[in-house]
Number of protein chains: 2
Amino acid sequence: MTMFRWKNDNLREDIFLMNKVIQDRLSALREKMTTYGIDYYLMPTSDYHNSEYSADFFKAREYFCGFTGSNGTLVVSKDWAGMWTDGRYFIQAEREMKGTGVTLYKMGEEGVPTILEYLFDNMENGQVLGFDGKVVPAREGLSYENKLKKKQIKIKFDKDLAGEVWADRPALPCNPIYVLSDELCGKSFAEKLAEVREVMEKEKANSYLLCKLDDICWLTNLRGNDVECNPVILSYLFITKKSVSMFVQFDELNDEVRAYCENNGIELVAYNRIISWLDEYEYEGITLYDERNVSYSVYRTVKDNSESAGAGIKNIYDPTEMMKACKNETEIKNIREVYIKDSAVLTKFIYWVKNEIKNGAKLNEYTAAMHLDGMRAALPGFIELSFPTISAYKDNAAMMHYEATEDSNAELAAEGFLLVDSGATYMGGTTDVTRTITLGPLTDDEKKHYTLTAVGMLQLANAHFLEGCNGRNLDILARQPLWNIGIDYKCGTGHGIGYMLNVHEGPHSIRWKSRSSEDEAALKVGMIMSDEPGVYIEGKHGIRIENILEVVNGEKNSDGQFLEFRHLTYVPLDRDAIDKKYLQPREVKAINEYNKLVCKTLLPLIEEPEIQEWLKEETKAL
Amino acid sequence: MTMFRWKNDNLREDIFLMNKVIQDRLSALREKMTTYGIDYYLMPTSDYHNSEYSADFFKAREYFCGFTGSNGTLVVSKDWAGMWTDGRYFIQAEREMKGTGVTLYKMGEEGVPTILEYLFDNMENGQVLGFDGKVVPAREGLSYENKLKKKQIKIKFDKDLAGEVWADRPALPCNPIYVLSDELCGKSFAEKLAEVREVMEKEKANSYLLCKLDDICWLTNLRGNDVECNPVILSYLFITKKSVSMFVQFDELNDEVRAYCENNGIELVAYNRIISWLDEYEYEGITLYDERNVSYSVYRTVKDNSESAGAGIKNIYDPTEMMKACKNETEIKNIREVYIKDSAVLTKFIYWVKNEIKNGAKLNEYTAAMHLDGMRAALPGFIELSFPTISAYKDNAAMMHYEATEDSNAELAAEGFLLVDSGATYMGGTTDVTRTITLGPLTDDEKKHYTLTAVGMLQLANAHFLEGCNGRNLDILARQPLWNIGIDYKCGTGHGIGYMLNVHEGPHSIRWKSRSSEDEAALKVGMIMSDEPGVYIEGKHGIRIENILEVVNGEKNSDGQFLEFRHLTYVPLDRDAIDKKYLQPREVKAINEYNKLVCKTLLPLIEEPEIQEWLKEETKAL
């Protein structure tokens, strides 16, 4: 899937009648602000772990301004409120916040101050900025702290004002934890822990605080269900040379998990005790943390107490991130199998939807997606979708974060493209795949764009490159055929994917512009990542073709170690959408070879003779 | 030309008889060290300005160990001496330092300490490290300072011990300065100075110390001849809001230059007064400097005096670097003309050398180069070569920094390739171009490698890319055809080029691996750079094809501003070396289009009917 978040619709129904509601909520918040002596109160979009997606419990910003987008920060003072969001959401935010009195600040537009600039310019000397330090990432909190102290502005971060006002707040997610077998993970917790402790040793550290949810799950071989579509556990891990303390909600534990933890020397501590526990801990030597993933509250607690104890702290990239990214042999073996099974399901779905539409069936984006979700759910080992299926017909597909719902969707007809971006987590792997499916006659532009998108996807997949290359070196291989005709897709080309974990993970990615240093990670054998170029023409059509690739060794010679990609995804490229006049012979060959491989790989998994016949036809040489 | 330095042979004759000589020089140095209380003395490869190339005056390291390579640092203690160099020079250094008693430290090899690690491990608490702070870049000097203070090691940087021992040291280069007209430069000194002062204003700085020689020349519109093949002046510039002080050797000045400086408000100060002048200056506010280009001595002088005066200093990238890199309209117009004239000369040379060899003439790499140099020197406006011509036949071309000399060279024969990398500075521009010339029958590998090198060169030249891309995004376009067959060239793909200045300049480059943040500069309209993929097969052959490209605007649409390249170089691709079986139709078309453009551009400049005929034949469609 692309690296945009999907929208959450939980609150949307209320939107059209709640301007007064929002104003009342803001009034209640302002009363609390007065009580605690807070002049400005800030609410970002984050959970306690700076996760990419967060549960409804954490949607305070949405509650106090109505804006439902996936990125936004609300700031409230006694007589003013402002909400900052990015270009994807300007229109939506304006609509959703109508009548609330909240001003929209369009991030990145000329003349629009950043939040920090706004606060620095508008807060008076000695005033107080408040926020719940548990949901503000340390890096962000520190930037407020450092800049605002120049005006003697104090920061009050120990109060969750939203929680005090928000009467019907959803509960903190609390779902059962389960244990994955060592056989399924390829490496036991003890082995992984030893590797982490090696890093601690190298960093001359006594302890290490791990806050990133998927990293904790990877390390412990435990899974949960506390973030929609991400099988993670709300938790923290505090590792010393001799002990491991895991902070979890005890209601999530069963006997098996308790026994597993006991056998593995994992001391269980209540999740909500994290701050008080860290406050009481007797720090010695250096404590490692990753400022990208630790909240401001946790950071301050560790830092202040370490300093008082004459101990130190050190910011590093969570070492678990790279360990997790390079899949081990067992994981790779399971992932390959799971992707083939998942590919077969999607291929059957493509046959089904094409046929249904040809036969005049009444289907819409939503019901089509439901059908696909059902097919996946019927597979043995299915756990959950890895993200809500994106099913977008014709011009709807030009909106990258479009989401069809039961109530709002488009009817499918026998023309144009249906874009389907979907995936699931199974015992043995997490999948992600996009195909753009021809439902009937196409325009010449649609064919041209599909053909060149396929060329780009395969040009990247067939790359042969020296060890040391990162995503920035390779991105242009996917983008070149589209750039050559003056078209760009406004997102990265690829993201890493977890093993029975999040569908987006780092540290690697394929992008031409760097977001931060984490994008610079060189590609390594065992990493898996998406390869998903696309074309998005507003009001016309949207095309994305996404395969997942695995990094494998190529030849090694005196010029160095070459790396290559191996396809994990085997779903046909749509021959109705390919026009040979846009192809070089080498590109025709690449498409033919891929489709041939798809046919060979999938045939044994398909029982229905009519689908077998269709697949052979669909994948035969152009 | 590639980004490797050429060797300097001045001292080579002595090498085989001087082991005793070197030992005596080291003894004399050690006596001075004792006199000044210095325990370890360090000599890098640099001039006072951290220039890429330096004059013989600065070759102290060479004088004290015999090693003539372009990169190396010699460290001497009472009873030990070590020389650090990189992989290009391991064999040469070993040979040249034989019998000197100096130990070779192979940089980058496993288990080999860096200089800093060596010093930290081997120096005793409280000892003294000495070096001439004028030839050590500030960044390097600071790294010694910061690390070694942990062992209370002192740094003595005000003594040039080499100078005290080296009796027959060559003189500091001192060559006449000349003024370029505003018409030739497109912008007057006053206009450029105003732009620099705008940056100072933005940085809230009172003064700015500029140490980089080509930047000083660019800014003042003055040129000199103090570095071989680089028309620069040994100088410093100290700019305030109201004044400009230029430090030069007065012997380099004539009346015209003096008058120009006076008219432009440039106060002239003797070059050797830089330290004492900076020591006496009354600092106010912030002084800007670029730590990449300032020597440790100059840095310490400015920093220490600023601090005493309650003033500040600020490290920035020299703003002149980017201003200089984006050529103005006049420069571009002149450069285009000069490159066409230079291309015609090289094309005539190619015709000549092919014909001479066919007719059995006796030629070698050196005499062929001399002939080409003579042809260039005969062009109106010729100033000097932009680097010594590289002329390498057959397997010699596989050595990237090979240099044929009058005494040591290979005879040319009617087979294989002659690689010629050459260029000159003319009134109106500095050129650089490489062609690999077929002298007779080729092996299939030679044809394959030539063909794919040409494909890579043109694939990069024909790129269509979004504004914001830098060299790391684009490099793979040149490298891909070679990587696909498991071949890499161990250098960057491209470097910036000066206007009547150095043949290598930043801040942009085309490389897949970053050397430092300066390589990250995005490409901008008006930048010019080389595009020079190659194949280097040890003992077999070397191929490089180098065109110079100019960045121009492509289309602008809702997806953004696209950029493209425009060729500056028009020299035929060698049809005898191209084998169509390695080409896609699109690539055949690209070669044909380029060669057609070459023919059309050059024909008007070629008078000889036989060369005209040959050129038409050479450039006709494959």
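Quick grid of which residues meet (1) open to solvent by 10 Å² or more (accessible area, probe 1.4 Å); (2) without any contact (Cβ under 8 Å) to a residue 60 or more places away in the chain; (3) in contact with a Ser or Thr (Cβ under 8 Å, 6 or more places away or on another chain):
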position: B:Q249; (1), (2), (3): yes, no, no
position: B:N254; (1), (2), (3): yes, no, no
position: B:E262; (1), (2), (3): yes, yes, no
position: B:R300; (1), (2), (3): yes, no, no
position: B:A309; (1), (2), (3): yes, yes, no
position: B:P319; (1), (2), (3): yes, no, no
position: B:K324; (1), (2), (3): no, no, no
position: B:N334; (1), (2), (3): yes, no, no
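Tell me which residues, restricted to segment B:393-421, are within 24 Å of the chain's Cα centre (by Cα), part of a strand (DSSP E or B) and acidic (D, E).
Of everything in segment B:393-421, just one residue is within 24 Å of the chain's Cα centre (by Cα), part of a strand (DSSP E or B) and acidic (D, E), namely B:D421.
Yes/no per residue for (1) closer than 27 Å to B:I537 by Cβ; (2) in contact with a Phe, Trp or Tyr (Cβ under 7 Å, 6 or more places away or on another chain):
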position: B:S343; (1), (2): no, yes
position: B:L346; (1), (2): yes, no
position: B:I350; (1), (2): yes, no
position: B:M375; (1), (2): no, yes
position: B:I383; (1), (2): no, yes
position: B:N396; (1), (2): yes, yes
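If I filter segment B:450-463 down to residues being closer than 18 Å to B:Y536 by Cα and within 13 Å of another protein chain (Cβ to nearest Cβ), which single residue comes out as surrounded by the fewest Cβ atoms within 10 Å (Cβ to Cβ)?
Filtering segment B:450-463 for residues closer than 18 Å to B:Y536 by Cα gives B:450-457.
Now restrict to residues that are within 13 Å of another protein chain (Cβ to nearest Cβ): B:452, B:455.
Values: B:L452: 24, B:V455: 26.
The residue in question is B:L452.
Is it true that B:N547 is under 30 Å from the mean Cα position of the chain (by Cα) and within 14 Å of chain A (Cβ to nearest Cβ)?
Working: under 30 Å from the mean Cα position of the chain (by Cα): yes; within 14 Å of chain A (Cβ to nearest Cβ): no.
For B:N547, the condition - under 30 Å from the mean Cα position of the chain (by Cα) and within 14 Å of chain A (Cβ to nearest Cβ) - is not met.
Collect the residues in segment A:565-622 that are polar (S, T, N, Q) and within 12 Å of A:T451 (Cα to Cα), keeping them in residue-number order.
Start the filter on segment A:565-622 by keeping residues that are polar (S, T, N, Q), which leaves A:569, A:584, A:592, A:595, A:601, A:612, A:619.
Of everything in segment A:565-622, just one residue is polar (S, T, N, Q) and within 12 Å of A:T451 (Cα to Cα), namely A:Q584.
Could you please tell me which pairs satisfy a Cβ distance under 6 Å, a separation of 6+ or placement on different chains, a first residue in segment B:560-588 that is within 14 Å of another protein chain (Cβ to nearest Cβ) and touching a residue at least 12 places away in the same chain (Cβ under 8 Å), and a second residue that is charged (D, E, K, R) and surrounded by 15 or more Cβ atoms within 10 Å (Cβ to Cβ)?
That search, which allows pairs on different chains as well, returns B:Q561/B:E467; B:L563/B:E467; B:Y582/B:K448.
Out of all the residues in segment B:266-291, which are open to solvent by 50 Å² or more (accessible area, probe 1.4 Å) and under 22 Å from B:E252 (Cα atoms)?
Selection gives B:E267, B:N272, B:R273, B:I275.
Output the residues belonging to segment B:161-176 that are out of contact with any Lys or Arg (no Cβ under 7 Å at 6 or more places or on another chain) and closer than 27 Å to B:I216 by Cβ.
Step one: list which residues in segment B:161-176 are out of contact with any Lys or Arg (no Cβ under 7 Å at 6 or more places or on another chain), which gives B:162, B:166-176.
Selection gives B:A162, B:R169, B:P170, B:A171, B:L172, B:P173, B:C174, B:N175, B:P176.
Considering every residue within segment A:546-555, establish whether at least one is part of a strand (DSSP E or B), within 26 Å of A:D342 (Cβ to Cβ), without any contact (Cβ under 8 Å) to a residue 24 or more places away in the chain and out of contact with any Pro (no Cβ under 9 Å at 6 or more places or on another chain).
The answer is no; no qualifying residue exists.
Please specify each residue of segment A:464-511 satisfying the condition of being more than 7 Å from chain B (Cβ to nearest Cβ) and among the aliphatic types (A, V, I, L, M).
A:A478, A:L482, A:I485, A:I497, A:M500, A:L501, A:V503, A:I510
Mind listing whichever residues of segment B:477-498 are open to solvent by less than 10 Å² (accessible area, probe 1.4 Å) and closer than 17 Å to B:S530 by Cβ?
Of everything in segment B:477-498, those that are open to solvent by less than 10 Å² (accessible area, probe 1.4 Å) and closer than 17 Å to B:S530 by Cβ turn out to be B:L477, B:A478, B:R479, B:L482, B:Y489, B:G492, B:T493, B:G494, B:H495, B:G496, B:I497, B:G498.
Sort through B:E195, B:E191, B:E228, B:E256 and tell me the only one that's of a type in the set (D, E, K, R) and more than 24 Å from B:I497 (Cβ to Cβ). Break it down into steps so the answer makes sense when it comes.
Values: B:E195 fails: more than 24 Å from B:I497 (Cβ to Cβ); B:E191 fails: more than 24 Å from B:I497 (Cβ to Cβ); B:E228 fails: more than 24 Å from B:I497 (Cβ to Cβ).
The unique qualifying residue is B:E256.
Can you name every residue in segment A:145-174 that is touching a residue at least 60 places away in the same chain (Cβ under 8 Å), under 28 Å from A:L288 (Cβ atoms) and open to solvent by less than 30 Å² (accessible area, probe 1.4 Å)?
Correct list: A:P173 only.
Would it be correct to say that A:I537 is of a type in the set (V, I, T), in contact with a helix residue (DSSP H, G or I) (Cβ under 8 Å, 6 or more places away or on another chain) and either within 14 Å of another protein chain (Cβ to nearest Cβ) or surrounded by fewer than 24 Cβ atoms within 10 Å (Cβ to Cβ) (or both)? Please lay out each step first, then the result.
Numbers: of a type in the set (V, I, T): yes; in contact with a helix residue (DSSP H, G or I) (Cβ under 8 Å, 6 or more places away or on another chain): yes; either within 14 Å of another protein chain (Cβ to nearest Cβ) or surrounded by fewer than 24 Cβ atoms within 10 Å (Cβ to Cβ) (or both): yes.
Yes; evaluated as a whole, the condition is true for this residue.
Which one of B:K156, B:K151 is touching a strand residue (DSSP E or B) at 6+ places or on another chain (Cβ under 9 Å) and of a type in the set (K, R)? Full working, then the answer.
On the way: B:K151 fails: touching a strand residue (DSSP E or B) at 6+ places or on another chain (Cβ under 9 Å).
Exactly one residue qualifies, and that residue is B:K156.
Restricting to segment A:589-598, name every residue that is open to solvent by 20 Å² or more (accessible area, probe 1.4 Å) and more than 14 Å from every other protein chain (Cβ to nearest Cβ).
Once the filter is applied, which keeps residues that are open to solvent by 20 Å² or more (accessible area, probe 1.4 Å) and more than 14 Å from every other protein chain (Cβ to nearest Cβ), segment A:589-598 yields A:N592, A:E593, A:K596, A:L597.
Determine which member of the set A:E555, A:E532 is in contact with a Gly (Cβ under 7 Å, 6 or more places away or on another chain) and within 14 Å of another protein chain (Cβ to nearest Cβ).
None of the others qualify; the one that does is A:E555.
Condition check ((1) closer than 16 Å to B:L346 by Cα; (2) modelled with pLDDT of 95 or more; (3) surrounded by fewer than 16 Cβ atoms within 10 Å (Cβ to Cβ)) across all residues:
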position: B:D559; (1), (2), (3): no, no, no
position: B:D574; (1), (2), (3): yes, yes, no
position: B:I578; (1), (2), (3): no, yes, no
position: B:L603; (1), (2), (3): yes, yes, yes
position: B:K620; (1), (2), (3): no, yes, yes
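If only one of B:V244, B:V294, B:V232 is touching a strand residue (DSSP E or B) at 6+ places or on another chain (Cβ under 6 Å) and open to solvent by less than 50 Å² (accessible area, probe 1.4 Å), which one is it?
Numbers: B:V294 fails: touching a strand residue (DSSP E or B) at 6+ places or on another chain (Cβ under 6 Å); B:V232 fails: touching a strand residue (DSSP E or B) at 6+ places or on another chain (Cβ under 6 Å).
Going through B:V244, B:V294, B:V232 in turn, the sole match is B:V244.
Collect the residues in segment B:336-357 that are free of Cβ contacts under 8 Å to residues at least 60 places away in the same chain and over 27 Å from the mean Cα position of the chain (by Cα), keeping them in residue-number order.
Residues satisfying the conditions are B:W352, B:N355, B:E356.
Could you check segment A:64-106 for strands (runs of 3 or more DSSP E) lying wholly inside it with 1 or more residues that are modelled with pLDDT of 90 or more, among the charged types (D, E, K, R) and open to solvent by 40 Å² or more (accessible area, probe 1.4 Å)? Can you show your working first?
Working: elements: A:73-77, A:80-85, A:103-106.
Output list reads A:103-106.
The values are calculated or read from the model by the stated rules, or taken from the named source; none is laboratory data. Since we're looking at a predicted model, the values are computed, not measured. Positions of Cβ are backbone-derived with ideal geometry, glycine not excepted, and every protein chain shown enters the neighbour counts. Heads up: the accessible areas ignore ligands, DNA and RNA and are worked out on the full protein's heavy atoms, side chains in. Shrake-Rupley method; radii C 1.70, N 1.55, O 1.52, S 1.80 Å.
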